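Heads up: the structure comes next, in structure tokens.
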Amino acid sequence: MFKEVSEMSDNKGTENKGTVEKDIEEKRVGVFVCECGVNIGGVVNTKAVADYIGTLHGVKVTSVNKFTCSDSGQADIQQKIKEHNLNRVVVAACSPKTHEPTFRACIEQMGLNQYFLEFVNIRDHCSWIHMWEKEKATEKAKDLVRMGVERSKLLEPLQASEVPVTDKALVIGAGVAGMQSALDLADMGFQVYLVEKEPSIGGRMARFDKVFPTNDCSICILGPKMVEVARNKNIKIMSYSEVKAVDGYVGNFNVKIEHKPRYLDVTKCTGCAKCSEVCPVEVPYDFNEGLGTRKAIFVPFPQAVPLRALIDKENCINCKACAKACASGAINYDMQTSYTDLNVGVIIGAVGFKTYDPEPRHDYGYGLYDNIITAMEFERLLNAAGPTGGHVVRPSDCKEPIRVGFVNCVGSRDKNTNIYCSGVCCMYTIKNAQLLKEKRPETDHTVMYIDIRTPFRAYEESYNRSRNLGVKFLRGRPVEVKEDPVTKNIKVRVEDTLAGEMRNLEFDLLVLATGIVPNEGIGQIQQLLKLSKAADGLLMEAHPKLKPVDTTIDGVYLAGCASGPKDIPYAVSQGSACAGRATILLKNKKAITEGITAVVEPDVCVGCQVCVPMCPFQAIKFDEKENKANVVKALCKGCGTCVAACPTGALEQSHFKNNQLLAQIKNVFKFQEVAA
Amino acid sequence: MNSGTAAVKPAQAGNGWEPNILAFCCNWCSYAGADLAGVSRFQYPPTVKILRVMCSSRVEPAFILKALKEGADGVLIAGCHIGDCHYIDGNKNAEIRINNTKKALVKLGLDKRLRLEWISASEGLRFSEIIKDFTEEIKKLGENPVKHKIEPQIPSRASEGRRHVCPDGIRGFPLPKGNRDADERRFNASANKSAVNVQGSE
């Protein structure tokens, strides 16, 4: 039905002189050059570009618009399509990554196949990066648009295909963001699987004592939400479980979940913790940041959901005391790892964060001196359910400190660790100082900071409140931290940059405000979901501003700290945002997938099978009977690996066919030749 | 020619010759990295033109030869970092393929004009640095001597249903493990042949 143009060896790329098959229609190209305000127009002489392009063969009309993406710009395209009966449209503007869908929809309204659009990037790849070389940028823009025009003439119509969407969702990570996503989706009536690698849901927020700026008790506001999640009929919690494999595509993800053995029957266990009482093994309590101890059989924490015990097999000595103590006979020492296969339509990754660990680098002497702790440890000490029942004590002698120092930006805003600002440390330090000051007014607090950042509602007020309470703020980073060998006090030498003098301060306890870093296993999730990772190790969203919870993978969304440091309100909003975005697919029960796939020309295929092992998605099946390769369209993601491998040219990648790419290559350097 | 705005350009020194570089960027990482370089306004010389492919593994050796023939002084292939490929391991295939092509280009003395780089979507600065660096390198090498002299054969989907046979080895697909040596030999042989052709045409 559609013609092939093979003019590979034809040097005059501007004309379709090659062999033509069947009913070839005349290519009528319209070129629309965008000025993007002054973003392009301020550097590239758009009129010169349009004039030059207008001389090319097949170009029927050119147009320069201030903003091609605006209503009037799009109306101009549609009008010109009508007037000049255009069948190919070239838009020279910004990045196709953001605006290709806009213009595809625009030309589709006029009855053109959406793949008849060729998008040329003369902003990000030209005007913005050659700001001081206007002439050269204009010449380059001409080349780029010419490449696009020549390619556009060879474009072929494609049909985006629809795939059915399973109306179930998987949420990875049951922190506050993940729980919000799960609740929202469940309330809209969709089945949600909530997978959490820890034995209880709740995430990091469950460990905080109080949360800024209102200083309400963290678990008191989180606890009811956790119970709500557990009670919701549409949510299936899979705690102590991990995602092991993800297969499939938007709407039809096949996910393998591994359930780690708890060594007790969760249907029988009541969470009474009688077993913990008799257990003779004591190990550092990870929930309390390693402060205090727990038993080898334990309930994660009093508000845990599900409220069930588990055995830490690494530390269990197999004394079987717990089995005797358990009234309901829930203990099963032979439990094995089990697996569940799920079929879901969308995946929400809310894999969270961990706090920066200052131990390996001994930041400010952490790990060398006893009386230096992290803010997370301080948080647990401050907590009434913590190891000391809410008494902040210093580790060396368990005495309650009077002089407390706080160091901000540990593991943040530092070239040696992470250059980004973690965003929450200023606020939690303010809150921590406030809480201790309120509890014990005799204490003395000094916060050493670079800048105090309090951007959101009621944050600045909280900062003012702590100043009024008497918390001292000193602008400067400690340059030297030492321990007094006798008293074990911490001596800090710090430059007061506002007063312009060095200060020697002595503290009973020094608290490091450690920043947010990517969670463990984020790399594994990234590879399973095929997401991109930024240089800071955090996952990347599809667009930092306009698609903050989407990813480049259709049907996969990100919430919370997986994609950058966030505070609780921000994480919760992202959780809801993910649910909203996911609902579009779940409710419509269908997803539109790109029409770009590999295609086999059976007449040319010799059945060499070189392509079969090339495909990372097993989309190429070999037909033994016919001795031909076959592409399963639903599995093909359109990367073109097999196409480049095919020795006979039987495989082609639609929309990136050999002749289309070669038309571009041939026209890259044409302009210089013409000019010379 | 060099009037007004071009005065700020430091690279105007010398004979004023500027190389032409064609960059094949994968849609997911490197193209986005180039976008980020733009958004961040990291300036780099206007020597490079970017061609978007879905994956670096789509780039056929023939494309590279074609580009060199058509007037490219340098060809850059940019993909996602190993392990970050949007298509799991497309970039690994690209690596094998490009390295094989490079070997073939050694015989033509063009190997330094081909570069393979991993640039992620967050590495806008790196993208501009690589372009600057590559431009400098090509400047040192001078103009591509074989412009319009080699004619790579690209098997096409035969319009008349004719079966096209691989022009021995130019396409350099990575064979399954075990056959790689044979593949290499085939490559070297074909590269030799091409070199002869170039001389012959002079």
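I need the full set of residues from segment A:174-233 which are among the aliphatic types (A, V, I, L, M), open to solvent by 10 Å² or more (accessible area, probe 1.4 Å) and part of a loop (DSSP other than H, G, I, E, B), in order please. Matches in segment A:174-233: A:M188 only. The residue list B:P46, B:P10 contains one member that is modelled with pLDDT of 90 or more and of a type outside the set (V, I, T), which is B:P46. For the residues A:A645, A:A675, A:A619, the requirement of being open to solvent by less than 20 Å² (accessible area, probe 1.4 Å), of a type in the set (A, V, I, L, M) and at pLDDT below 90 singles out A:A619.
So that you can scan it fast, the table gives a plain yes or no per residue for (1) open to solvent by less than 80 Å² (accessible area, probe 1.4 Å); (2) part of a loop (DSSP other than H, G, I, E, B); (3) modelled with pLDDT of 95 or more:
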| position | (1), (2), (3) |
| --- | --- |
| A:N432 | yes, no, yes |
| A:H445 | yes, no, yes |
| A:D451 | yes, yes, yes |
| A:Y463 | yes, no, yes |
| A:L474 | yes, no, yes |
| A:V517 | yes, no, yes |
| A:E520 | no, yes, no |
| A:E541 | yes, yes, no |
| A:K545 | no, yes, no |
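Checking each residue in segment A:371-415 for being more than 18 Å from A:V471 (Cβ to Cβ), of a type outside the set (A, V, I, L, M, F, W, C) and open to solvent by less than 20 Å² (accessible area, probe 1.4 Å) picks out A:N371, A:T374, A:R380, A:N383, A:G386, A:G390, A:R394, A:G411, A:S412. Here A:L539, A:L510 are screened, and the one residue that is in contact with a Pro (Cβ under 9 Å, 6 or more places away or on another chain) and under 30 Å from A:E400 (Cα atoms) is A:L510. Among residues that are out of contact with any Lys or Arg (no Cβ under 6 Å at 6 or more places or on another chain), of a type in the set (A, V, I, L, M, F, W, C) and in contact (Cβ under 8 Å) with a residue 40 or more places away in the chain, A:V481 is included.
Residues that are at the interface with chain A (Cβ under 8 Å from one of its Cβ atoms) and part of a loop (DSSP other than H, G, I, E, B) are absent from segment B:91-109. Residues that are assigned to a loop (DSSP other than H, G, I, E, B) and touching a strand residue (DSSP E or B) at 6+ places or on another chain (Cβ under 8 Å) within segment A:569-614 comprise A:K589, A:G595, A:I596, A:T597, A:E601, A:P602, A:C605, A:G607, A:Q609, listed in sequence order.
A count restricted to segment B:114-137 and to residues that are in a helix (DSSP H, G or I) and within 14 Å of another protein chain (Cβ to nearest Cβ) stands at 10.
With respect to the conditions (1) modelled with pLDDT under 90; (2) more than 7 Å from every other protein chain (Cβ to nearest Cβ), A:K637 falls short on a single one, namely (2). Filtering segment B:50-89 to residues that are more than 7 Å from chain A (Cβ to nearest Cβ), under 18 Å from A:M147 (Cβ atoms) and in a strand (DSSP E or B) leaves B:R52, B:G74, B:V75, B:L76, B:I77, B:A78.
Residues in segment A:511-550 that are within 9 Å of chain B (Cβ to nearest Cβ) and among the aliphatic types (A, V, I, L, M): A:L531, A:A534, A:A535, A:M540.
When A:Q618 is tested against (1) more than 9 Å from every other protein chain (Cβ to nearest Cβ); (2) of a type in the set (S, T, N, Q); (3) in a helix (DSSP H, G or I), just one condition goes unmet, and that condition is (3).
The values are calculated or read from the model by the stated rules, or taken from the named source; none is laboratory data. What you see is a predicted model; the values in this text were computed from it and never measured. Every residue, glycine among them, receives a Cβ derived from its backbone with ideal geometry; neighbour counts consider all protein chains shown. Heavy atoms of the whole protein, side chains included, go into the accessibility calculation; ligands, DNA and RNA do not. Shrake-Rupley method; radii C 1.70, N 1.55, O 1.52, S 1.80 Å.
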